[in-house]
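Down below is the structure, laid out as C-alpha cells.
The values are calculated or read from the model by the stated rules, or taken from the named source; none is laboratory data. Owing to the predicted nature of the structure, the values given are computational and were not obtained by experimental measurement. All Cβ positions, even for glycine, are placed from backbone atoms using ideal geometry, and neighbour counts span all protein chains on display. For accessibility, only protein heavy atoms count, side chains too; no ligands or nucleic acids. Shrake-Rupley method; radii C 1.70, N 1.55, O 1.52, S 1.80 Å.
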Amino acid sequence: MITKNNIQEAYEKLKYFSFYDKTFVHLKEQIIEFESKDAKKKLSILADNFNIKKEDYFQNLINKIQIHVTPKGIECEDDKYDFVSVLSGNERIKIKSLNYYIKAPIEIHILNILWIGYSLIKLPNINEKHIFANKLDINYAGNLKNGKKTFIPYFENYQSWLNNALTTSESLAKENKNFIIISLDIKRFYYSIRQTIKELSGELESNYEFKNYLTRINVSVNKKWDLLLGINQDESVFSLPIGLLSSGILANYYCKHIDEKIQSTAGIRYYGRYVDDIIIIKEISKKTKYTNSNKIISDHLVDPKILSKIPNNDNYVFTDNHNLEIQPEKLKLFLFSGKSSLKQIELIKNELLKNSSEVNLIPDMEMVYKNLDKIPFEIKANDKRFKLRDIQSIENNKFEVSKLLSQAIYIQKYCDVNLEEKQKLFRNLDKIFKGKYILEYRNLWSKYLVCLVIFERQTELLNFINRTQKLISRIVFDSEIEKPQVIESLKNEFIISLNLALSGNFEFHKKIKRRILRRKSFISSDSIYNIITEKTSDELLTNYRRSYFLDPVYYRMEGIFLFEEYFDQSINLYSYNLSERRNLTFRKGDSWYLYFPRYIKYWEIYNGFYLISLFRNQTENIIYSTLNRISLNLYWKLNFKRFFDPTFLENVLKKQYINTKPEFFGDIMINSFDAKFSEKTKSSLYVAVPSFKVTEDHLKVSLKPDYKIYLQTFVQFSKLLNEISQKKVDFLTFPELSIPHQFLGALVNFSKDFQTTVSAGLEYIIINNTVYNISVTIIPSQNSKFKFANIFFRIKNHYSPEEIKTIEEIELLRPVLKKSIYYLFNWNSVTFTLFNCFELSNISHRSLFKGRIDLIFGILLNKDRFYYDSIAQSTVRDLHCFLLNVNSSKYKGTFLLQPTSSDLMYLAELKGGIDPYFLLETVKVNELRNFQIKYLSGYRDEKPKYKPLPPDFTMDEKRK
C-alpha cells in the first residue's frame with residue numbers, strides 16, 4: 001500500500017530534482033501548473049487510485065504522455081565555408097539532430113520516483129564505485145534517504161570521476177609504470193538501450209503486490225514512449241525516455257555486463273563511467289611500443305573482447321551488447337611513460353579541473369569590473385603558439401559567457417551598478433546573443449533573461465525576443481514533420497524562462513507589456529510578443545513566484561521567502577532591501593513549505609529572525625542563545641519534521657555551541673560559548689590584520705534613505721577576501737561600521753568554507769527610525785562531513801558622543817538597551833571577546849574579562865589615534881592578553897599588541913594604502929598561557945618576554 005505521505009515525499013523529490021536541473025525546463029512549467037490547481041487534492045486522488053488499482057485512471061495518464069523535441073546539433077552557413085567567418089548573426093540555421101524528451105503528467109513522475117525507491121533501488125550495478133552518474137542517495141540500510149534528495153549531486157560525482165582518474169594516473173607515474181588512458185563515449189546512449197522486460201521483472205519480482213503494480217505501470221510508460229517515437233516494435237523490450245528519473249538508474253543496470261567485463265580485464269587500474277562517458281586506465285609493459293591507434297585499440301579493447309568492429313564499417317560496438325556503439329570521433333587514446341609523464345599529467349589535471357574547482361570563494365570582482373565590455377572570444381588554432389594562418393575559427397567561449405552572466409547577477413545582488421557600468425555590460429552581452437549563438441546557448445536563456453530583468457534592460461530584452469523569434473522562423477529542417485514540434489518547444493522554453501525571470505519583478509513586466517502593446521499591429525498571434533501580452537498575467541507570475549523555482553541566489557535579501565512580503569507584487573525581489581519596509585511579517589501555517597523545492601538554509605532562517613527582532617524592537621532577542629534556539633526549531637520544522645523525529649534537533653544542537661549559563665554583573669550580561677567539533681588547541685594562531693578604508697562621509701551617506709552600495713566597494717571587499725582565502729587564517733577582523741548588511745551572506749560563506757573566525761562592524765541599519773550599530777562575530781566549526789558557521793550579532797552598548805550627535809542631527813533614534821551584553825568565546829580552545837569602539841573606554845566592563853581571555857578584538861572607526869592607543873596599551877597590560885585593534889585605514893590605530901615591554905608590544909601595525917591589503921601575524925597563545933601558569937606558581941624568568949601579571953590576576957580553568 002502507498003500512503004499519502006509516500007506520495008507527498010515522492011513529489012518533493014521530483015520538485016527538488018527539477019529545481020536544480022537545467023535541462024528539462026518544461027518540467028518546471030508542469031509543476032507550476034500542477035500546484036496552481038489544488039496539488040494536495042491531486043496527490044490524494046493519486047494515492048487512492050493506486051491503492052484500488054484503478055486501471056482507467058492510469059491509462060488516461062499514460063495516454064497524455066507527449067514528446068518534447070528540441071535541437072541537439074545545429075549547422076550554420078559559415079560552418080560550410082572554407083574560410084574563417086565571423087558573421088553578423090543573420091545566417092540561416094539548419095537542425096542536424098534532435099533530442100527527444102518525455103513530457104508526462106506529474107503523477108507519472110511521482111509513480112516513477114516511488115518505483116525507484118521501492119524497487120529499482122535493489123537492482124545490481126546501480127550504485128557501485130565505478131559508477132559516477134545517477135547514483136542514488138541511500139542510507140546504511142540500502143534505502144533512499146528520507147528527505148528531498150533522490151540522487152547524489154551530479155557535480156560531486158563528476159568531480160570524483162575526474163579526480164580519481166587523475167589520482168590513479170599520478171600514482172602510476174610515480175611508480176614509474178607505463179600506462180594508457182582510454183576515453184570512450186557511447187553514441188545516442190539512451191536511445192540505443194533495449195531493456196528486456198522479462199529480465200527486469202524477474203529482478204524486481206516482489207511479495208508485495210503494490211511493488212509489482214508499480215513495475216507494471218512504469219513498464220507501460222516506457223512502452224508508450226517507444227510507441228510515440230516509432231521505435232522498438234519488439235514487445236519484449238523497451239527503451240529509456242530521457243527526462244524520466246528511472247532512466248538513469250536503468251541505464252546503469254543495463255551496462256552491468258559491460259562494466260564487469262572491463263573491470264575484470266587484466267591490467268585495468270581504473271575504470272569509471274559517467275552516464276555514457278568512460279575512462280579506462282590500463283597499465284602496459286615498458287617494452288610495448290605503438291606507432292598507430294589501431295594497434296592500441298586492437299590490443300586493449302578488441303582482443304580482450306571489450307569492443308568489436310562493426311562489419312563493413314570502421315566503428316566499434318561493445319562485444320557484450322551490440323546495441324551500444326562507440327562514437328568514433330570521441331574515442332581518445334593517451335600513452336604515458338613512467339615518471340617522465342608527471343609534468344604532462346599535472347598539465348592535464350590543471351586544464352580539466354580549473355573550470356570546476358573552487359579557486360576563489362567570490363569572483364575576482366576587480367577583473368570582472370575591468371572586463372565588463374570584453375566579449376569572451378575563443379580562438380581555435382592548429383598550434384598553441386599560432387600564427388594568423390593557423391587560426392581555424394573565432395567563436396564565443398560558452399563557459400566564459402556563462403561565467404560572465406553569473407558574475408553580473410552576483411554583482412547586482414551585492415551592490416548597485418551605475419548606468420555606465422550597465423551599458424558596458426549589456427553592449428557586450430547584446431553582441432554575444434546573436435545568430436546561431438542564440439540556439440547554441442539555449443541552456444543560458446534562463447540566466448540571460450534573469451540578468452536582463454534584474455538590471456531592468458527593456459530595450460535589450462525586446463531586442464533579444466525579436467532576434468529569437470526571427471531565428472526560430474528561419475530554422476531549416478530535413479524533415480518538415482518535426483518542425484512544428486521543435487518551434488513550439490523552443491518558444492515554450494523561452495517563455496517559461498522569461499516568466500520565471502519576470503516573477504521576481506512584476507513592475508518590469510508591466511513596463512515591457514506597455515512597450516510591446518504600442519506596436520501591437522505588427523505582432524502575429526503566435527509570436528512570443530503576443531504570449532507575453534496576452535497570456536503572461538499577474539496571476540500566472542504569482543504562480544511562478546509561489547513555486548519558489550526562482551533561484552534565491554538572485555535575491556538581494558536572504559530568506560525573503562520566509563515573509564508574507566514575498567508575495568507582495570510591488571516588491572522587486574532582485575533589489576528589495578531593508579530600507580523599503582517598516583515591518584516584516586513571518587509566514588504562518590504549514591502548507592506553504594510543503595512544496596518548497598530545496599532545503600532552507602539555517603542562515604536564511606537565522607537572518608530572518610534577526611531582522612524580525614529588529615523590526616519589532618525586541619533587542620533582547622538578538623543574542624545568539626535566543627536566535628539560535630528559535631532558528632533551529634524552525635529549521636527542523638521546515639526541512640525535516642516529516643522525515644525525522646525530534647531527536648534530530650537535539651543532534652543538531654549538539655553540533656553547534658554549548659551555551660553556558662549567562663553571567664550577570666549588575667546591568668551587564670556575559671554569554672559564554674564553547675565551540676564543538678573544533679581542532680585541538682593550536683600553539684600559534686594566524687591573524688589577518690587588514691587595511692580597510694571607512695570614512696565619516698561614507699557613513700553620513702549610509703544614513704540617507706536612498707543610500708546605494710556601488711560596485712567599487714564590493715570590488716575592494718571581494719579582493720581582500722580572495723587574497724586572504726589563499727592563506728590559512730584563523731582570525732579576520734574588519735573595522736566598525738565597515739560591512740554593508742548585503743555583504744553579510746558572503747562573509748558567512750567565507751567563514752564556513754575557510755574555517756576562519758570573522759569579526760566585523762556592520763554598517764548602520766535604520767529600522768523604524770532607529771539607528772542600529774551592530775557588530776557580528778562569525779565562528780566556524782566542522783565535523784567529518786559538514787562545515788558550519790554560527791553568527792553572533794550584538795548591538796553596541798555605548799554609542800560615542802560624536803555618534804549620538806550625528807544621529808540626533810538627522811532626527812533619528814538610538815536603541816534603548818535594558819542591559820549591556822558581551823560574548824565570551826572559546827573556539828579551538830582559544831578564548832576571546834569583541835569590543836565595539838567606544839565600549840573599550842569602559843574600564844569596569846573591560847575588567848570583567850581579566851584572566852578569562854587570550855585575545856580581544858577591538859573594532860574602531862575613530863580618528864583619535866592617541867586616545868585609543870592609550871586604551872589599547874592599558875588593556876593589554878591590565879588583562880594580560882593579546883589585542884587586535886582594527887580601525888579605518890584612513891587613520892592610524894590598526895595594530896596587534898602583546899603584553900610585553902613597549903619596544904616589543906607592537907606585533908603588527910599599518911595605515912593607509914589605496915587598495916585593501918593585510919598583514920599576517922602569529923599570536924602565540926600557548927606561550928602566553930604557559931608564562932601565566934608559571935608566574936602564578938611563583939616561577940620567575942631572568943629575562944621574561946612578557947610583562948608581570950597585574951595584581952589579583954586569576955586564570956580561568958578553561959585556559960589552563
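The set of residues in the range 872-894 that are open to solvent by 10 Å² or more (accessible area, probe 1.4 Å) and under 24 Å from Glu763 (Cβ atoms) comprises Lys890, Tyr891, Lys892.
For (1) farther than 30 Å from Lys177 by Cα; (2) assigned to a loop (DSSP other than H, G, I, E, B); (3) at pLDDT below 65, each residue gets a yes or a no:
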position	(1), (2), (3)
Pro311	yes, yes, no
Asp314	yes, yes, no
Val317	no, no, no
Ile348	no, no, no
Glu351	no, no, no
Ile362	yes, yes, yes
Ile375	yes, yes, yes
Lys380	yes, no, yes
Ser393	yes, no, yes
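Pairs please, first residue from the range 285-304 and farther than 22 Å from Leu172 by Cα, second anywhere and surrounded by 12 or more Cβ atoms within 10 Å (Cβ to Cβ), Cβ atoms under 8 Å, 6+ apart in sequence or on different chains. That search, which allows pairs on different chains as well, returns Val302/Ser308; Val302/Lys309; Val302/Tyr316.
Checking each residue in the range 218-238 for being farther than 15 Å from Leu250 by Cβ, in contact (Cβ under 8 Å) with a residue 60 or more places away in the chain and touching a helix residue (DSSP H, G or I) at 6+ places or on another chain (Cβ under 7 Å) picks out only Lys224. Filter the range 840-862 down to residues that are open to solvent by less than 40 Å² (accessible area, probe 1.4 Å) and small (Gly, Ala, Ser) and give me whichever is farthest from Ala872 (Cα to Cα). Selected residue: Gly851. Does Leu703 count as under 25 Å from Thr833 (Cβ atoms), in the same structural domain as Leu824 (by the TED database) and either of a type outside the set (Val, Ile, Thr) or crowded, with 22+ Cβ neighbours inside 10 Å (or both)? For Leu703, the condition - under 25 Å from Thr833 (Cβ atoms), in the same structural domain as Leu824 (by the TED database) and either of a type outside the set (Val, Ile, Thr) or crowded, with 22+ Cβ neighbours inside 10 Å (or both) - is not met. Just one of the listed residues (Leu184, Leu200) is outside any strand (DSSP E or B) and open to solvent by less than 50 Å² (accessible area, probe 1.4 Å), namely Leu200.
Note on the range 597-629: residues that are under 30 Å from Ile31 (Cβ atoms), outside any helix (DSSP H, G or I) and without any contact (Cβ under 8 Å) to a residue 60 or more places away in the chain amount to 2. A single member of Asn252, Asn294 is part of a helix (DSSP H, G or I) and either farther than 17 Å from Lys129 by Cβ or touching a Lys or Arg at 6+ places or on another chain (Cβ under 7 Å) (or both), and it is Asn294. Looking across the range 211-234, the residues that are surrounded by fewer than 17 Cβ atoms within 10 Å (Cβ to Cβ) and within 14 Å of Ile116 (Cα to Cα) come down to Asn212, Arg216.
Scanning the range 731-772 for residues that are acidic (Asp, Glu) and surrounded by fewer than 20 Cβ atoms within 10 Å (Cβ to Cβ) turns up just one, Asp753. Entry remark, the range 912-931: residues being among the aliphatic types (A, V, I, L, M), in contact with a Leu (Cβ under 8 Å, 6 or more places away or on another chain) and open to solvent by less than 20 Å² (accessible area, probe 1.4 Å) number 2 in total.
Taking first residues from the range 254-282 that are in the same structural domain as Asn164 (by the TED database) and open to solvent by 10 Å² or more (accessible area, probe 1.4 Å) and partners that are assigned to a strand (DSSP E or B) and among the hydroxyl-bearing types (Ser, Thr, Tyr), the Cβ contacts under 8 Å between residues at least 6 apart in sequence or on separate chains come to Gln263/Tyr271; Asp277/Ser183; Ile279/Ser183; Ile279/Tyr270; Ile279/Tyr271.
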